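Data first, discussion second: the structure below is written as C-alpha cells.
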Amino acid sequence: MRTTHRSERAELAEFTLGLGPSRSDVSQAQAAAKSAAPSADSIPLIRSLAPLPSLAPLAMLALPAILASLTALMPFPSFAQPLTQVTAASMAATPVNAVVFSNEVEGALVRALETLKEGGIKAALREIEVALQKNPNFLLGQLIKGDLLMAKAGLPQAFTGIKTQPEAVASLRSEAKARLTRYFDGPPIGHLPSALLQIAPDQAYALLMDSEKSRLYVFKNVDGAPQLVADFYITVGKKGVEKEREGDQRTPLGVYKIEAAVAKERLTDFYGPGAFALNFPNEWDKRLGKTGSGIWLHGTPSTTYSRPPLSSDGCVVLTNDDFAKIEQYLSPGVTPIVIMPRIEWLSPEKWLDARAAFNETIDLWKRDWESLNTDQYLSHYSPQFSIDGKGIDDWVAKKRRVNSGKSFVKVEVSNLSVYEYALTPTTPPMMIVTFDQNYKSSNNNGVMKKRQYWQREGDSWKIIYEAPV
C-alpha cells in the first residue's frame, strides 16, 4: 500500500479524534443548554449526544460563528424550482425537472438552514436529525446540531467574537459551503456543460468534475448530448488540482478513463467499499513530463462519513453511500472523467452552436485530407505540433511524401467524442477528440482509433498532437 495513503489515514484519525474544546468547556455548555429548559421534543436531541463523546465537544461549542456565516452567505431562495435537465428529444425543448437533492444528507442540511432562516430552530433540528440518525459520523451535521442546541439555549452570542477557528473546523466550514453552493448557486436551469460537446456512442455515461466547487456530475449519453442524472460532493488533493509530480498532493486536470476496479485484497477500510483507478498519467501528461500514479476514485473509512474538500493526496473521494450509487454508471475502460477547475454552463442554444462549430472544424480537417490538397490539410496543424519527439517539420515532410503517391483518399469518422481538456485553472482549455477512423486510399487501407488534441490559436483551432490510441 502506498505510504502517501498511510499518511492520509493517520491525519484522518487525528482529525476525527482531535477536535473540540476542553471537558470543562463542554460541561459548561451542556449545563447552559439544560438550564434553558428546552421543550420536550428537543430533550432526546441533547441526550443523543451522550453516545458520541468524541463528537459532543465539537457539536456543543464549535459552530455558532460558522452557522451565522453560512446563513449570511446563502440567499435562501425558494426550492420550488430545482435544478432541471434538458430533454432527450431536443436540446432546445422545455427542460424536465430532476431530483432536487443528491442524497438525503444534503437535503436535510439545506432544509435545516432554510427553516432556520425563517426562525424555526425546532424544525431545523428535526431536519438535521434525519441526516444524523442514518449517518452519526457526519461531523458537519453534528456541528450544526450543536450550534442549533446552543441557539435554542439562547447562548450563541458567547462565540460570535471568535475570529479564528481550529483548522479542522475551518475545513468543515468549507465542506458546508461546497455542499450548499450546489443548491444555492448551482448550474442554471436547463443549461449544459461546455466541457462535454460530444459523448461517444459507446459511452453510456460521462463524469464531469468541478474541482472549484467540489462536485462530480454524472451525465447520461442522449444521442451524444449530456443529460444530468446525478451529482455528488467530492474531495480532492490537499494542495488542490493541477498535478505535476509524484507526491505533490494534487489532483490532475484533464480527461481520463475510469479503469478497472482495484482488487479488493489491495484495499483496506481506508478506501471504503471500493476504488477505481484513473489512467493518470495519460499521453498528454507524459508529453509534459508529469509524474505520479495511483490516482483513484474511492470511498471513505467506515468511521468517517465524508472528508473536507481538500484532504486527499490526489485521489477523488466520495462518501461510501455516493460511491455505491456512482458504481452503476461506470464502465471500466470506457467511461470518461473530465476534471475541470470550473465548469462553464451554456444555454441549449449556445451549446448546440458550440458543438456544431467544432464539429465543422473536424469535418473541414477531414475534407481537406480527402482533397489531397496537402497545404490546406497541413494548415490544420499547429507550429507546436509534435509526436514521438518529432516536430511539425518532420510531420509536414512525411505527409507530403505520403500524399504524393495517392490518387484518392477517403476517411470515415465514427464513435466520436469531444471534450474540453483543462491545462491550468487560468488558461483556456484545449479540446481532446477521439474517434474510430476508417481510412481508404489508392494504395493503403486501415482502421484505427485516433486521438487528437486541438488548441485555440487566434481565431482558429489547430491540432497540436495526434496519434493512434
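Could you rank 461, 395 by how accessible they are, 1.4 Å probe, largest area first?
Result, largest first: 461, 395.
Simple spin-label model, 7 Å along Cα-to-Cβ: residue 403 to residue 445 in nm?
2.4
Relative to a virtual label point 7 Å from the Cα of residue 456 in the Cα→beta-carbon direction, which members of the stretch 187-225 show backbone nitrogen distances below 11 Å?
none
Compactness ratio of the stretch 317-381: Cα Rg over 2.2 N^0.38 Å, N = residue count?
Computed over Cα atoms of the stretch 317-381, the ratio equals 1.78.
Kirkwood Rh over Cα pairs of the stretch 318-445 into Stokes-Einstein at 10 °C, 1.306 mPa s: D in µm²/s?
So the translational diffusion coefficient is about 88 µm²/s.
Express the Stokes-Einstein translational diffusion coefficient of the stretch 167-231 in µm² s⁻¹, to the nearest whole number, given a Kirkwood radius over alpha-carbon pairs, 20 °C and a viscosity of 1.002 mPa s.
Details: Rh = 13.1 Å.
The Stokes-Einstein estimate is 163 µm²/s.
How much accessible area does residue 454 have with a 1.4 Å probe, in Å² rounded to the nearest 10?
Roughly 0 Å² of residue 454 is accessible to a 1.4 Å probe.
In whole Å, largest first, what are the principal axis extents of the Cα atoms in the stretch 149-305?
Per principal axis, max minus min of the Cα coordinates gives 59, 39, 32 Å.
Tell me, in nm to one decimal, what length is gained between residue 344 and residue 286 on full extension, where the rule is 0.36 nm per residue of separation less the Cα-Cα distance?
Gain in length upon complete extension: 18.2 nm.
Quick one: grab the alpha carbon gyration tensor of the stretch 302-341, order the square roots of its eigenvalues as a ≥ b ≥ c, and give me rounded if a/c is under 1.5, else prolate or oblate depending on whether a/b is larger than b/c. Intermediate results must be reported in sequence, preceding the final value.
On the way: a/c = 2.65, a/b = 1.29, b/c = 2.05.
Oblate, since a/c reaches 1.5 and b/c is not below a/b.
For 430, 448, what's the largest-to-smallest order of accessible area, 1.4 Å probe? Display every interim value, and only then the final one.
Values: 430 0, 448 75 Å².
Largest accessible area first, the residues go 448, 430.
Would the stretch 205-259 count as rounded, prolate or oblate if I go by the C-alpha gyration tensor, calling it rounded below 1.5 in a/c and otherwise prolate when a/b exceeds b/c, oblate otherwise?
Because a/c hits 1.5 or more and a/b exceeds b/c, the stretch 205-259 counts as prolate.
Step through the residues of the stretch 446-459 one at a time and calculate ³J(HN,Hα) from phi using the Karplus curve (6.51 cos²θ - 1.76 cosθ + 1.60, θ = phi - 60°), rounding each to whole Hz and writing x for Gly and Pro.
Once rounded to whole Hz, the list reads x, 10, 8, 9, 10, 10, 10, 10, 10, 10, 7, 10, x, 9.
What trypsin sites (Lys or Arg not before Pro) does the stretch 349-408 have in DSSP loop regions with at most 15 other beta carbons within 10 Å? All intermediate terms of the calculation are to be shown ahead of the outcome.
Values: sites: 350, 355, 366, 367, 390, 398, 399, 400, 401, 406; in loops: 406.
For trypsin sites (Lys or Arg not before Pro) across the stretch 349-408 that sit outside H, G, I, E and B with at most 15 neighbouring Cβ atoms in 10 Å, the list reads 406.
Mind grabbing the accessible area of residue 414 for me, 1.4 Å probe, Å², rounded to tens?
Spelled out: residue 414, probe radius 1.4 Å, area about 60 Å².
The values are calculated or read from the model by the stated rules, or taken from the named source; none is laboratory data. Just so it is clear, the model here is predicted, and its values are computed rather than measured. Counting neighbours? That spans all protein chains shown, and the Cβs are built from the backbone with ideal geometry, glycine included. Ligands, DNA and RNA are stripped out before the accessible areas are found, and what is left, the full protein with its side chains, is counted by its heavy atoms. Shrake-Rupley method; radii C 1.70, N 1.55, O 1.52, S 1.80 Å.
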